[in-house]
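What follows draws every value from the coordinates through simple rules; no lab data is involved. Everything numeric in this text was worked out from a predicted model, so none of it was measured. When we count neighbours, we look across all protein chains shown, and the Cβ atoms used for this are built from the backbone with ideal geometry, even at glycine.
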Amino acid sequence: MKNIVACVDFSKTTSAVIETAAALATALRTKLYLLNVVVVENGIGYETVVFAGETPAQKTHKARAKLNELREPLLEHGLDVATILIEGSASSIKAITDESKRIDAGLIVIGSHGHGALHRMLVGSTAEGVLHKALCPVVVVPGRSSEENSPAIVHAKAGSRAR
């Protein structure tokens with residue numbers, strides 16, 4: 001198996017995304033990348049959600065620290081883990097899929113915030129966008145309570161609409 005990318009935005013779904021990705025990386029004996037996209041200009045996407053109202057430099061610094069904080073326990077459990085922080089103003093979907101391609105990812109794990117149809121229509125869904133644009137399989141971890149969190153494994157190839 002190639003590398004696994006876990007997309008984290010420091011929201012409520014982050015721990016479930018990391019648990020799922022870590023379990024898969026352990027089982028498949030592959031490297032795990034924790035990826036975060038910091039949108040440094042106004043925009044909506046899969047960005048750091050807990051640092052609203054801060055300067056781009058502050059967002060980036062705090063996101064890097066948080067990624068390293070999330071990485072430490074995984075390293076202590078013997079996983080091969082690296083962090084990737086992308087700064088940008090472009091689409092988070094493109095940033096995630098481009099970076100996954102660059103590092104030769106064989107799997108992407110991403111959380112769904114569980115927003116309704118109106119939110120997806122107005123704002124869009126990063127998880128859905130990655131699912132349709134990714135060149136590798138995608139695991140979508142639902143944004144529900146931890147008792148209900150059982151990841152739905154979804155295979156998506158370019159141009160495919162498999163669910």
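For residue 62, list the lysines whose Cα falls under 28 Å from its own Cα; do not include residues on the same chain fewer than 8 positions away.
Once the sequence-local lysines are set aside, what remains near residue 62 is 12, 31, 94, 101.
What is the order of 125, 15, fewest Cβ neighbours within 10 Å to most?
Details: 125 19, 15 16.
Exposure proxy ranking, most exposed first: 15, 125.
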